[in-house]
Amino acid sequence: MTKGPQAPLIIQINRYGRTGLKDFSKNQYLPVSADDLKTRNIEELDIIFVSGDAYVDHPAFAASLLARFLEKHGFRTGIIAQPDWRSTADFMKLGQPRLFFAVSAGNMDSMVSHFTAERKRRTGDLYSPGGKAGARPDRASIVYVNRIREAYPGVPVILGGVEASLRRLAHYDYWEDAVRRSLLVDSGADLLVYGMGEYLLLQIARYIKSGRELQYLNNLPGTVWRSSRLPSSAIELPSFEEASSGKNAFSRATRMIHENLNPYTASRLAQAHGKIWAVQNPPAPPLSSAEMDAIYQLPFLRRAHPDYEASGGIPALEPVQFSITTHRGCFGGCAFCALGLHQGRSIQSRSQASIVEEACRIIGHPDFKGSIPDVGGPSANMYGMQGKDQQRCRECKRLSCLSPRLCKNLDTSHEMSVAMLEAIRKIPGVKNVRVASGIRYDLASADTSGRYIQALCSHYTGGQLKVAPEHAAPGVCLLMNKPGPQAYEQFAAQFEQASRKAGKKQYLLPYFMSGHPGSGLQEMLQLAQFIRDKVHFEPDQAQSFTPTPMTLSTAMYYTGHNPYNGKKVYVARSPKDRRLQRAILQSGLPRNRRIIREAIAEIGDAKIKADLAALLGRKGKGGEQGGRKK
């Protein structure tokens, strides 16, 4: 990948920025109805995508991204968005596909989308018209596959998306408080694709088009398939029955899954579900820059389908409409995060030329007002990063390149990020560029030149920068695979100095978490004291730990042990304990002060009583922008 500014930039600006690239009005939405098929003289679609999200023609919405990609490769595709699952009618409105149905619950796991960390049903859904809940069922993947089977018996069904990725093998389900079977087995789909599936779906489409039967496609990386016997090439995981009845077996299965996430060293895994085996092939290899570029140059309209205008549009589009994705993957390895499990731990970066070209295309959009609100990926400052010795990376089984200490093989230079952001900022018609999705601040501090932090503060921070320390107790940070409080203090000092040098008064917007395994009252009080004494911040936004399928933190929550060393881990399970931890984190809010007073009356430990009482002496309740500097 070429570093630094690239020569074609001026050519791209002349070609796209001033003329608006292709006229967006000439592009068409993908077919969503029988009328669309008739208008375009299409008798039969090759592939139909069924999604739990509304149809937004934008690269951040998976169904659109995948359908556009397959369309580019000559397949006729259509989308059935948020079908009424109470009958088969909606599933039949585009007819029977010639090749297969591709099913996804949407950009989020449907249970995460529907329920809060306290298991209360949400009243809204950002991926639905008008932000209203109720447009998709619980466990959407299973429901959709069942309806398709009723409508079109025998038509192949491929399952994918975040929900499928994180439930591809036996997993703990927080909302049911039980271990559930692989989603492939539960749904009855023919094949499950895990991870980012553009090129995998393309291979599957070509395979079926050639006349071969899907049941024989059992060697494709990034897929899970069913077998009636244990394949000789597979490592046997504890069975679903063992994992669901014994927590030691569940911990062992979790460890084995996480030890086989590197596509270059991973083994094929197989897990029995009664007489059926769910067989997971190794992850798909990382995409090259050219392969990434080919995905994001597709003709997205960056708008929701016109059918949603009367109902208020799709709220999830607004913050990302003109954002730019620069890369995929995350090597941070946070124990509670599913990104590495879904996108992979290798950073897969687009070329700078491709990113600049997308920015130039955005300028020609009729809705664009000059601001690109976010440029980045899971952690924005990982763009272009890789190991100095790639062979060592291919042999590595570490969970994180950053924790418990920075890997010496990691090239922490941020020069590619600095050059890429500068190239976008210099495009005529772009008024400002922001890095709003958050950065890995310990990685930014490791950039010895200091250029990235200075550039960030000078040009790409709109007054506040999101960072996620999550906790301050060293033991909890270690379990989370997060840096300790000293790393945050170091970055905060660098950020303040760089902002001052840029002549700006800017603030960090830190996110903290309550209820994570390992965090008891002592640890939460330690976090509260750190916020009071070091951060000087009243958090108005905070996160309660939610056990999402397949993560290491979820395994700790379910078993009460660290799956890697077997050591016991404290878990705040009861709603009362979880409420108190959240109250300690946000002790300035009136409702939380009442909870703390009740705890003081009940707790016998004199020191904890005194520390809780000290929290009540704090003033303020947090500001409207996520918190307030004290």
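From the set of residues in segment 347-373 that are in contact with a Phe, Trp or Tyr (Cβ under 6 Å, 6 or more places away or on another chain) and among the β-branched types (Val, Ile, Thr), which is nearest to ALA423 (Cα to Cα)?
ILE372
Is it true that SER553 is in contact (Cβ under 8 Å) with a residue 12 or more places away in the chain, in contact with a strand residue (DSSP E or B) (Cβ under 6 Å, 6 or more places away or on another chain) and open to solvent by less than 20 Å² (accessible area, probe 1.4 Å)?
no
Could you check ALA304 against (1) more than 25 Å from THR559 (Cα to Cα); (2) in contact (Cβ under 8 Å) with a residue 24 or more places away in the chain; (3) out of contact with any Phe, Trp or Tyr (no Cβ under 8 Å at 6 or more places or on another chain) and say which number it fails?
Evaluating ALA304 over (1) more than 25 Å from THR559 (Cα to Cα); (2) in contact (Cβ under 8 Å) with a residue 24 or more places away in the chain; (3) out of contact with any Phe, Trp or Tyr (no Cβ under 8 Å at 6 or more places or on another chain) leaves (3) as the failure.
State whether the residues of segment 561-569 include one that is open to solvent by less than 10 Å² (accessible area, probe 1.4 Å) and more than 17 Å from CYS477 (Cβ to Cβ).
Yes, there is a match, as at least one residue in segment 561-569 is open to solvent by less than 10 Å² (accessible area, probe 1.4 Å) and more than 17 Å from CYS477 (Cβ to Cβ).
Is it true that LEU410 is closer than 23 Å to ALA266 by Cα and surrounded by 20 or more Cβ atoms within 10 Å (Cβ to Cβ)?
For LEU410, the condition - closer than 23 Å to ALA266 by Cα and surrounded by 20 or more Cβ atoms within 10 Å (Cβ to Cβ) - is not met.
Tell me which residues, restricted to segment 485-527, are touching a helix residue (DSSP H, G or I) at 6+ places or on another chain (Cβ under 6 Å) and among the hydroxyl-bearing types (Ser, Thr, Tyr).
The answer is SER499, SER514, SER519.
Return a yes/no flag: does segment 325-336 have any residue that is touching a residue at least 24 places away in the same chain (Cβ under 8 Å), open to solvent by 50 Å² or more (accessible area, probe 1.4 Å), over 24 Å from ASP125 (Cα atoms) and of a type in the set (Lys, Arg).
No - not one qualifying residue is present in segment 325-336.
(1) crowded, with 21+ Cβ neighbours inside 10 Å; (2) closer than 29 Å to PHE530 by Cβ: which one isn't true of ILE424, the others all being true?
Failing condition for ILE424: (2).
Between ILE158, ILE142, which is more than 22 Å from ARG255 (Cα to Cα), open to solvent by less than 10 Å² (accessible area, probe 1.4 Å) and not small (Gly, Ala, Ser)?
Only one candidate passes the filter, namely ILE158.
Is one or more of the residues making up segment 438-448 in contact with a helix residue (DSSP H, G or I) (Cβ under 6 Å, 6 or more places away or on another chain) and under 24 Å from ARG361 (Cα atoms)?
No, the conditions are met nowhere in segment 438-448.
In segment 271-301, what residues are part of a loop (DSSP other than H, G, I, E, B), touching a strand residue (DSSP E or B) at 6+ places or on another chain (Cβ under 6 Å) and under 30 Å from VAL185 (Cβ atoms)?
Once the filter is applied, which keeps residues that are part of a loop (DSSP other than H, G, I, E, B), touching a strand residue (DSSP E or B) at 6+ places or on another chain (Cβ under 6 Å) and under 30 Å from VAL185 (Cβ atoms), segment 271-301 yields ASN281, PRO286, LEU287.
Of the conditions (1) open to solvent by 30 Å² or more (accessible area, probe 1.4 Å); (2) of a type outside the set (S, T, N, Q); (3) in a helix (DSSP H, G or I), MET111 satisfies every one except a single condition; which number is it?
For MET111, the exception is condition (1).
Which of the following residues is in contact with a helix residue (DSSP H, G or I) (Cβ under 8 Å, 6 or more places away or on another chain) and surrounded by 18 or more Cβ atoms within 10 Å (Cβ to Cβ): SER400, SER379?
SER379
Can you tell me which of ARG440, ARG434 is of a type in the set (D, E, K, R) and open to solvent by 20 Å² or more (accessible area, probe 1.4 Å)?
The match here is ARG434.
Which condition from (1) closer than 22 Å to ALA444 by Cβ; (2) part of a loop (DSSP other than H, G, I, E, B) is the one that PRO549 breaks?
If we test PRO549 against (1) closer than 22 Å to ALA444 by Cβ; (2) part of a loop (DSSP other than H, G, I, E, B), just (1) comes out false.
When you look at VAL571, is it part of a strand (DSSP E or B), among the aliphatic types (A, V, I, L, M) and touching a residue at least 12 places away in the same chain (Cβ under 8 Å), yes or no?
no
Which of the residues spanning segment 117-148 are β-branched (Val, Ile, Thr) and touching a residue at least 40 places away in the same chain (Cβ under 8 Å)?
Passing the criteria: ILE142, VAL143, VAL145, ILE148.
Could you tell me whether segment 143-151 includes any residue that is of a type in the set (Val, Ile, Thr), over 24 Å from GLU198 (Cβ atoms) and assigned to a loop (DSSP other than H, G, I, E, B)?
Checked segment 143-151: no residue is of a type in the set (Val, Ile, Thr), over 24 Å from GLU198 (Cβ atoms) and assigned to a loop (DSSP other than H, G, I, E, B).
Of all residues in segment 297-324, which are of a type in the set (Ser, Thr, Tyr) and buried (at least 18 other Cβ atoms within 10 Å of the Cβ)?
Within segment 297-324, TYR308, SER323 qualify.
Take segment 570-591 and flag every residue that is β-branched (Val, Ile, Thr) and touching a Leu at 6+ places or on another chain (Cβ under 7 Å).
Across segment 570-591, the qualifying residue is only ILE584.
Just wondering, is there one or more residues in segment 486-493 that are more than 29 Å from GLN526 (Cβ to Cβ), modelled with pLDDT of 95 or more and either touching a strand residue (DSSP E or B) at 6+ places or on another chain (Cβ under 6 Å) or not aliphatic (A, V, I, L, M) (or both)?
Checking segment 486-493: not a single residue is more than 29 Å from GLN526 (Cβ to Cβ), modelled with pLDDT of 95 or more and either touching a strand residue (DSSP E or B) at 6+ places or on another chain (Cβ under 6 Å) or not aliphatic (A, V, I, L, M) (or both).
Could we say that GLY450 is more than 20 Å from the chain's Cα centre (by Cα) and either crowded, with 17+ Cβ neighbours inside 10 Å or not charged (D, E, K, R) (or both) here?
yes
For residues in segment 592-630 being of a type in the set (Lys, Arg) and at pLDDT below 90, which is most open to solvent (accessible area, probe 1.4 Å)?
Out of the qualifying residues, it is LYS619.
Could you tell me whether any residue of segment 349-366 is assigned to a loop (DSSP other than H, G, I, E, B), open to solvent by 30 Å² or more (accessible area, probe 1.4 Å) and over 19 Å from ALA63 (Cβ atoms)?
yes
Inside segment 125-139, can you point out the residues that are outside any loop (DSSP other than H, G, I, E, B) and either among the acidic types (Asp, Glu) or surrounded by fewer than 20 Cβ atoms within 10 Å (Cβ to Cβ) (or both)?
Of everything in segment 125-139, those that are outside any loop (DSSP other than H, G, I, E, B) and either among the acidic types (Asp, Glu) or surrounded by fewer than 20 Cβ atoms within 10 Å (Cβ to Cβ) (or both) turn out to be GLY130, GLY131, LYS132.
The values are calculated or read from the model by the stated rules, or taken from the named source; none is laboratory data. All of these numbers come straight from a predicted model, not from anything done at the bench. We place every Cβ from the backbone using ideal geometry, glycine too, and count neighbours over all the protein chains shown. Quick note on the areas: whole protein, heavy atoms, side chains included, nothing else; ligands and nucleic acids left out. Shrake-Rupley method; radii C 1.70, N 1.55, O 1.52, S 1.80 Å.
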